[in-house]
Amino acid sequence: MAGASNFEREYGEITADITAKIGRIPNLFGKEKNDLIGDVEVLLEEARDLIDQIEVESHSAGGEQRRQIVSNVNNYRRDYETHVKNLRKARMTYRDTSGSELTYAEDVEQQRSDLLGNEHKNTMVSNSERLERSSRRLEDGYRMAMETEEIGQNVLNNLAQDREKINSARNRLGNVDSSLSQSSRLLNNMYRRVIQNKVLMFGVGVVIIVIIVLALYGMLK
(Lines give C-alpha, C1' and ligand atoms only; values in the text may rest on other atoms or scores of the structure.)
Protein backbone atom coordinates (compact mmCIF):
# COMPACT_ATOMS: atom_id res chain seq x y z
CA MET A 1 0.00 0.00 0.00
CA ALA A 2 2.28 2.74 -1.32
CA GLY A 3 -0.56 5.29 -1.09
CA ALA A 4 -1.13 4.74 2.60
CA SER A 5 2.62 4.83 3.26
CA ASN A 6 2.95 8.15 1.45
CA PHE A 7 0.03 9.61 3.35
CA GLU A 8 1.48 8.39 6.66
CA ARG A 9 4.87 9.87 5.81
CA GLU A 10 3.26 13.18 4.90
CA TYR A 11 1.13 13.03 8.06
CA GLY A 12 4.30 12.55 10.14
CA GLU A 13 5.92 15.59 8.54
CA ILE A 14 2.82 17.73 9.11
CA THR A 15 2.41 16.66 12.76
CA ALA A 16 6.09 17.40 13.40
CA ASP A 17 5.53 20.86 11.94
CA ILE A 18 2.37 21.26 14.06
CA THR A 19 4.21 20.27 17.24
CA ALA A 20 7.04 22.72 16.53
CA LYS A 21 4.71 25.60 15.77
CA ILE A 22 2.46 24.97 18.79
CA GLY A 23 5.60 25.09 20.93
CA ARG A 24 6.41 28.54 19.53
CA ILE A 25 2.94 30.05 20.10
CA PRO A 26 3.34 30.87 23.84
CA ASN A 27 6.42 32.95 23.01
CA LEU A 28 4.51 35.24 20.64
CA PHE A 29 2.05 38.09 21.09
CA GLY A 30 -0.51 39.97 19.07
CA LYS A 31 -0.71 39.54 15.29
CA GLU A 32 2.35 37.31 15.07
CA LYS A 33 0.78 34.87 17.52
CA ASN A 34 -2.58 34.93 15.74
CA ASP A 35 -0.92 34.32 12.37
CA LEU A 36 0.95 31.29 13.71
CA ILE A 37 -2.26 29.94 15.27
CA GLY A 38 -3.91 30.27 11.85
CA ASP A 39 -1.05 28.32 10.23
CA VAL A 40 -1.42 25.52 12.79
CA GLU A 41 -5.17 25.36 12.20
CA VAL A 42 -4.53 24.94 8.45
CA LEU A 43 -2.01 22.16 9.16
CA LEU A 44 -4.51 20.45 11.47
CA GLU A 45 -7.08 20.49 8.68
CA GLU A 46 -4.51 18.91 6.35
CA ALA A 47 -3.62 16.33 9.01
CA ARG A 48 -7.28 15.42 9.46
CA ASP A 49 -7.70 15.06 5.70
CA LEU A 50 -4.63 12.80 5.57
CA ILE A 51 -6.05 10.65 8.38
CA ASP A 52 -9.28 10.28 6.42
CA GLN A 53 -7.33 9.37 3.26
CA ILE A 54 -5.26 6.82 5.18
CA GLU A 55 -8.48 5.33 6.56
CA VAL A 56 -9.88 5.11 3.00
CA GLU A 57 -6.69 3.36 1.85
CA SER A 58 -7.11 0.81 4.65
CA HIS A 59 -10.33 -0.44 3.04
CA SER A 60 -8.40 -1.68 0.00
CA ALA A 61 -5.76 -3.40 2.13
CA GLY A 62 -6.17 -6.88 3.42
CA GLY A 63 -5.38 -9.02 6.39
CA GLU A 64 -2.66 -7.94 8.77
CA GLN A 65 -1.76 -4.83 6.78
CA ARG A 66 -5.30 -3.53 7.12
CA ARG A 67 -5.34 -4.12 10.85
CA GLN A 68 -2.01 -2.25 11.12
CA ILE A 69 -3.32 0.70 9.11
CA VAL A 70 -6.54 0.85 11.18
CA SER A 71 -4.46 0.81 14.39
CA ASN A 72 -2.30 3.60 12.99
CA VAL A 73 -5.40 5.60 12.05
CA ASN A 74 -6.72 5.30 15.60
CA ASN A 75 -3.36 6.49 16.93
CA TYR A 76 -3.33 9.36 14.44
CA ARG A 77 -6.80 10.47 15.52
CA ARG A 78 -5.71 10.43 19.18
CA ASP A 79 -2.62 12.43 18.21
CA TYR A 80 -4.85 14.83 16.29
CA GLU A 81 -7.07 15.40 19.33
CA THR A 82 -3.95 15.95 21.43
CA HIS A 83 -2.68 18.55 18.97
CA VAL A 84 -6.07 20.28 19.02
CA LYS A 85 -5.97 20.41 22.84
CA ASN A 86 -2.37 21.64 22.79
CA LEU A 87 -3.31 24.37 20.34
CA ARG A 88 -6.24 25.40 22.53
CA LYS A 89 -3.92 25.56 25.53
CA ALA A 90 -1.25 27.44 23.55
CA ARG A 91 -3.84 30.09 22.64
CA MET A 92 -4.28 30.84 26.34
CA THR A 93 -0.63 30.49 27.36
CA TYR A 94 2.46 32.63 27.11
CA ARG A 95 5.96 32.50 28.53
CA ASP A 96 7.17 35.38 30.67
CA THR A 97 10.71 36.76 30.67
CA SER A 98 11.84 34.11 33.14
CA GLY A 99 10.67 31.32 30.81
CA SER A 100 7.78 30.25 33.06
CA GLU A 101 4.53 29.39 31.34
CA LEU A 102 1.39 31.17 32.47
CA THR A 103 -2.13 30.86 31.22
CA TYR A 104 -4.12 34.02 30.64
CA ALA A 105 -6.17 33.19 33.71
CA GLU A 106 -3.02 32.90 35.78
CA ASP A 107 -1.70 36.07 34.18
CA VAL A 108 -4.93 37.89 34.98
CA GLU A 109 -4.70 36.67 38.55
CA GLN A 110 -1.05 37.72 38.66
CA GLN A 111 -1.93 41.11 37.22
CA ARG A 112 -4.77 41.38 39.73
CA SER A 113 -2.35 40.49 42.51
CA ASP A 114 0.17 43.01 41.18
CA LEU A 115 -2.58 45.58 40.85
CA LEU A 116 -3.73 44.96 44.41
CA GLY A 117 -0.13 45.10 45.55
CA ASN A 118 0.43 48.35 43.68
CA GLU A 119 -2.87 49.68 44.97
CA HIS A 120 -1.89 48.72 48.50
CA LYS A 121 1.50 50.32 47.96
CA ASN A 122 -0.10 53.43 46.49
CA THR A 123 -2.54 53.50 49.40
CA MET A 124 0.34 53.26 51.87
CA VAL A 125 2.22 56.01 50.02
CA SER A 126 -0.95 58.13 49.93
CA ASN A 127 -1.55 57.52 53.64
CA SER A 128 2.07 58.34 54.37
CA GLU A 129 1.79 61.57 52.38
CA ARG A 130 -1.44 62.46 54.20
CA LEU A 131 0.21 61.74 57.55
CA GLU A 132 3.19 63.84 56.54
CA ARG A 133 0.92 66.70 55.46
CA SER A 134 -1.06 66.38 58.71
CA SER A 135 2.18 66.36 60.67
CA ARG A 136 3.32 69.51 58.87
CA ARG A 137 -0.04 71.13 59.58
CA LEU A 138 0.26 70.20 63.26
CA GLU A 139 3.79 71.57 63.37
CA ASP A 140 2.64 74.77 61.64
CA GLY A 141 -0.29 75.02 64.05
CA TYR A 142 1.98 74.45 67.05
CA ARG A 143 4.44 77.03 65.75
CA MET A 144 1.62 79.52 65.19
CA ALA A 145 0.28 78.78 68.68
CA MET A 146 3.74 79.40 70.17
CA GLU A 147 4.09 82.60 68.15
CA THR A 148 0.60 83.69 69.25
CA GLU A 149 1.46 82.88 72.86
CA GLU A 150 4.67 84.88 72.56
CA ILE A 151 2.79 87.79 71.02
CA GLY A 152 0.15 87.56 73.76
CA GLN A 153 2.86 87.51 76.42
CA ASN A 154 4.48 90.56 74.85
CA VAL A 155 1.10 92.31 74.80
CA LEU A 156 0.55 91.43 78.46
CA ASN A 157 4.01 92.73 79.33
CA ASN A 158 3.32 95.94 77.41
CA LEU A 159 -0.03 96.30 79.17
CA ALA A 160 1.64 95.77 82.53
CA GLN A 161 4.21 98.45 81.68
CA ASP A 162 1.44 100.77 80.49
CA ARG A 163 -0.46 100.13 83.72
CA GLU A 164 2.62 101.02 85.74
CA LYS A 165 3.00 104.19 83.68
CA ILE A 166 -0.67 105.04 84.17
CA ASN A 167 -0.41 104.40 87.92
CA SER A 168 2.74 106.51 88.07
CA ALA A 169 1.03 109.30 86.14
CA ARG A 170 -2.00 108.99 88.41
CA ASN A 171 0.24 109.29 91.43
CA ARG A 172 1.91 112.34 89.95
CA LEU A 173 -1.50 113.82 89.20
CA GLY A 174 -2.48 113.13 92.81
CA ASN A 175 0.61 114.91 94.00
CA VAL A 176 -0.09 117.81 91.65
CA ASP A 177 -3.70 117.94 92.85
CA SER A 178 -2.49 117.95 96.43
CA SER A 179 -0.03 120.73 95.62
CA LEU A 180 -2.76 122.67 93.84
CA SER A 181 -5.02 122.27 96.87
CA GLN A 182 -2.31 123.53 99.16
CA SER A 183 -1.64 126.44 96.82
CA SER A 184 -5.34 127.20 96.67
CA ARG A 185 -5.60 127.21 100.43
CA LEU A 186 -2.53 129.44 100.65
CA LEU A 187 -3.97 131.84 98.11
CA ASN A 188 -7.27 131.91 99.95
CA ASN A 189 -5.50 132.69 103.22
CA MET A 190 -3.49 135.43 101.53
CA TYR A 191 -6.68 136.83 99.97
CA ARG A 192 -8.41 136.87 103.36
CA ARG A 193 -5.43 138.65 104.91
CA VAL A 194 -5.50 141.23 102.16
CA ILE A 195 -9.21 141.82 102.74
CA GLN A 196 -8.65 142.01 106.48
CA ASN A 197 -5.82 144.52 106.00
CA LYS A 198 -7.99 146.63 103.71
CA VAL A 199 -10.87 146.58 106.23
CA LEU A 200 -8.47 147.45 109.00
CA MET A 201 -6.97 150.33 107.01
CA PHE A 202 -10.44 151.52 106.11
CA GLY A 203 -11.46 151.46 109.80
CA VAL A 204 -8.28 153.32 110.78
CA GLY A 205 -8.96 155.89 108.08
CA VAL A 206 -12.51 156.39 109.28
CA VAL A 207 -11.30 156.80 112.86
CA ILE A 208 -8.73 159.37 111.77
CA ILE A 209 -11.30 161.29 109.78
CA VAL A 210 -13.70 161.26 112.73
CA ILE A 211 -10.94 162.53 115.00
CA ILE A 212 -10.05 165.28 112.55
CA VAL A 213 -13.71 166.28 112.20
CA LEU A 214 -14.16 166.36 115.97
CA ALA A 215 -11.00 168.35 116.38
CA LEU A 216 -12.10 170.94 113.83
CA TYR A 217 -15.50 171.09 115.35
CA GLY A 218 -13.98 171.73 118.81
CA MET A 219 -11.69 174.47 117.46
CA LEU A 220 -14.52 176.24 115.69
CA LYS A 221 -16.78 176.13 118.66
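The table that follows gives values for the structure above.
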quantity: Rg to Rh quotient for the stretch 175-221, alpha carbon positions, Kirkwood Rh; calculated: 1.50
quantity: Neighbour net charge for ARG133 - beta-carbon separation under 13 angstrom, K R +1, D E -1; calculated: -1
quantity: Values of log10 I(q)/I(0), in the order q = 0.10, 0.11, 0.23 Å⁻¹, for the stretch 120-221 under a Debye, Cα-only, solvent-free model; calculated: -0.71, -0.75, -1.11
quantity: DSSP-loop chymotrypsin sites (Phe, Trp or Tyr not before Pro) across the stretch 5-78, with at most 15 other Cβ within 10 angstrom; calculated: PHE29
quantity: Candidate residues LYS21, LYS85, LYS31: accessible-area rank, largest first, probe 1.4 Å; calculated: LYS31, LYS85, LYS21
quantity: Spin-label model distance (nm) - ASN34 vs ARG9, 7 Å beyond Cα toward Cβ; calculated: 3.9 nm
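The values are calculated or read from the model by the stated rules, or taken from the named source; none is laboratory data. Values in this document were obtained by computation on a predicted structure and should not be read as measured data. Every residue, glycine among them, receives a Cβ derived from its backbone with ideal geometry; neighbour counts consider all protein chains shown. Heavy atoms of the whole protein, side chains included, go into the accessibility calculation; ligands, DNA and RNA do not. Shrake-Rupley method; radii C 1.70, N 1.55, O 1.52, S 1.80 Å.
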